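S.K.: Dropping a structure here in structure tokens format, bear with me for questions.
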Amino acid sequence: MTEACIAGRVPTTVEEWNRLLRPYATPNVYRSLTQLAVTLGLLFGCFAGMLLLDDFFGYWAGMLASVPTGLLLVRVFIIQHDCGHHSFFRQRWACDWVGRCLGVLTLTPYLWWKRDHDRHHASSGDLSRRGFGDIDTMTVSEYRALSGWRRFLYRLYRHPVVLFGIGPLYQFLLRHRLPIGLKKGDRRSLVSILATDAAIAILLAGGDGLFGLGRFSALWLPTMGVAALVGVWMFFVQHQFETTYWAWRGNWSFVTAALKGCSYYKLPAPLEWVTGSIGYHHIHHLASRIPNYRLQDCFRDIAPLRCVTVINFRQSLKCARLALWSEEAQRLLSFREANHLYA
């Protein structure tokens, strides 16, 4: 990483990065369709395997297969995510319709999620524009100004059991089902939520007819739980690492937020495949129109993209304790570190 940075100047403007990355931002319809077909084929095949294991060996044997099936559902979400950025097909209508259909499998209202995710890309790392598709993060001074009760609630929210266990299940099973918190007149998001709920009801009815609702739900819900946990963890660790980037609006930079506020999460090849190379998150934030299957090419071909924080799986586990942004130290701290430094 250091050699790559020394070898040449790192571009500092959006225009420079656009020129470098534009050649990679054209989807290949064959690769997109192949990725979609292989992913869905493996997903449905794994779920069929869960049903067979349940038949022959019992429910807990079927449950074991929820892990690989859930990981494949993460890959489905990555394809849906690419559709939301209109990077999976050249035609926007194709991206939107595929995204809507995949949103039924991932229990995610596609257009409603797309709106919040676009805001996340436009404001990532901006302390003045928090709250759009991100994980709530307070500065140390904001936390210290809270009452004891509100400090407790924030600590509870940032606890790993809530953040990676209860939180993902709440988000996908309940929050995505309810048209609450929408801006007045936001009919597009309202229709997205209600239409997705209706499609999920049809899916459940089909599952009831084929397998029985109880059995279908008992196998699909754990699969969804695995996918939700892994998805939230991936999103967390790609932004919530110690040397990440936060700045107030007047000092905020889109390029710096992408290069310094997003990590390269270096995963073993099988996990990189399952997660659609989203570990190259800094590249994705610099140019969201690049399909997931071109991100690795960018990293290999463009040396300045290697001037970034690299986190492996073992290192990433330490990120779970981080919770507060120190404006003085310019890094994320754990509650214990914050109490020690600001006692």
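The values are calculated or read from the model by the stated rules, or taken from the named source; none is laboratory data. Nothing here was measured: the structure is a model prediction, and the numbers come from that model. Methodologically, a virtual Cβ is constructed for each residue, glycine included, from the backbone with ideal geometry; neighbour enumeration extends over all protein chains shown. Please note that ligands, DNA and RNA were not included when accessible areas were found on the heavy atoms of the full protein model with its side chains. Shrake-Rupley method; radii C 1.70, N 1.55, O 1.52, S 1.80 Å.
S.K.: Does at least one position in the stretch 132-141 carry a residue that is over 20 Å from HIS239 (Cα atoms) and in contact with a Ser or Thr (Cβ under 8 Å, 6 or more places away or on another chain)?
M.R.: No, the stretch 132-141 has no match at all.
S.K.: So which of PHE236, PHE211 is over 23 Å from the mean Cα position of the chain (by Cα) and within 25 Å of LEU73 (Cβ to Cβ)?
M.R.: Of the residues listed, the single one that is over 23 Å from the mean Cα position of the chain (by Cα) and within 25 Å of LEU73 (Cβ to Cβ) is PHE211.
S.K.: If you go through the stretch 246-264 one residue at a time, do you hit one that is over 18 Å from HIS120 (Cβ atoms), of a type in the set (A, V, I, L, M, F, W, C) and either free of Cβ contacts under 8 Å to residues at least 12 places away in the same chain or not in a helix (DSSP H, G or I) (or both)? Quick ask: steps written out before the conclusion?
M.R.: From the stretch 246-264, those over 18 Å from HIS120 (Cβ atoms) are 250-251, 264; that's our starting set.
Still in the running and of a type in the set (A, V, I, L, M, F, W, C): none.
Within the stretch 246-264, not a single residue is over 18 Å from HIS120 (Cβ atoms), of a type in the set (A, V, I, L, M, F, W, C) and either free of Cβ contacts under 8 Å to residues at least 12 places away in the same chain or not in a helix (DSSP H, G or I) (or both).
S.K.: How do the pairs read when you match residues in the stretch 41-62 that are on the phi < 0 side of the Ramachandran plot with residues anywhere that are not in a helix (DSSP H, G or I), using Cβ under 7 Å and keeping only pairs 6 or more apart or on different chains?
M.R.: Once the first residue is on the phi < 0 side of the Ramachandran plot and sits in the stretch 41-62, its partners that are not in a helix (DSSP H, G or I) give CYS46/ALA65; GLY49/ALA65; MET50/ALA65; LEU53/ALA65.
S.K.: Could you look through the stretch 315-336, keep only residues that are assigned to a loop (DSSP other than H, G, I, E, B) and open to solvent by 60 Å² or more (accessible area, probe 1.4 Å), and pick out the one that is farthest from TYR157 (Cα to Cα)?
M.R.: First pass over the stretch 315-336, keeping only residues assigned to a loop (DSSP other than H, G, I, E, B): 327-330.
Okay, now just the ones that are also open to solvent by 60 Å² or more (accessible area, probe 1.4 Å), so 327-328, 330.
Details: GLU327: 21, GLU328: 24, GLN330: 22 Å.
So the residue we want is GLU328.
The rows are residues; the columns are (1) touching a Leu at 6+ places or on another chain (Cβ under 6 Å); (2) more than 21 Å from VAL232 (Cα to Cα).
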{"position": "LEU169", "(1), (2)": "no, no"}
{"position": "LEU174", "(1), (2)": "no, no"}
{"position": "SER189", "(1), (2)": "yes, yes"}
{"position": "LEU210", "(1), (2)": "no, yes"}
{"position": "PHE216", "(1), (2)": "no, yes"}
{"position": "TRP220", "(1), (2)": "no, no"}
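S.K.: Which condition does GLU272 not pass, out of (1) without any contact (Cβ under 8 Å) to a residue 60 or more places away in the chain; (2) touching a strand residue (DSSP E or B) at 6+ places or on another chain (Cβ under 6 Å), if it passes all the others?
M.R.: (2)
S.K.: Take the conditions more than 22 Å from TRP248 (Cβ to Cβ) and basic (Lys, Arg) and apply them to ARG92. Does it pass?
M.R.: yes
S.K.: Please go through the stretch 265-295 and pick out each residue that is outside any helix (DSSP H, G or I) and among the β-branched types (Val, Ile, Thr).
M.R.: The answer is THR275, ILE278, ILE290.
S.K.: Here's a follow-up. What helices (runs of 4 or more DSSP H) completely inside the stretch 1-82 contain at least 3 residues that are more than 25 Å from SER217 (Cβ to Cβ)? Spell out the reasoning first.
M.R.: Numbers: elements: 2-7, 14-21, 29-57, 59-64.
So the answer is 2-7, 14-21, 29-57.
S.K.: Right, ARG90: open to solvent by 20 Å² or more (accessible area, probe 1.4 Å) and part of a loop (DSSP other than H, G, I, E, B) or not?
M.R.: Yes: the conditions hold for ARG90.
S.K.: Now for a different question. Test ALA303 against the criterion of being at pLDDT below 95, open to solvent by 20 Å² or more (accessible area, probe 1.4 Å) and not acidic (Asp, Glu), and give yes or no.
M.R.: Here the answer is yes, as ALA303 does meet what is asked.
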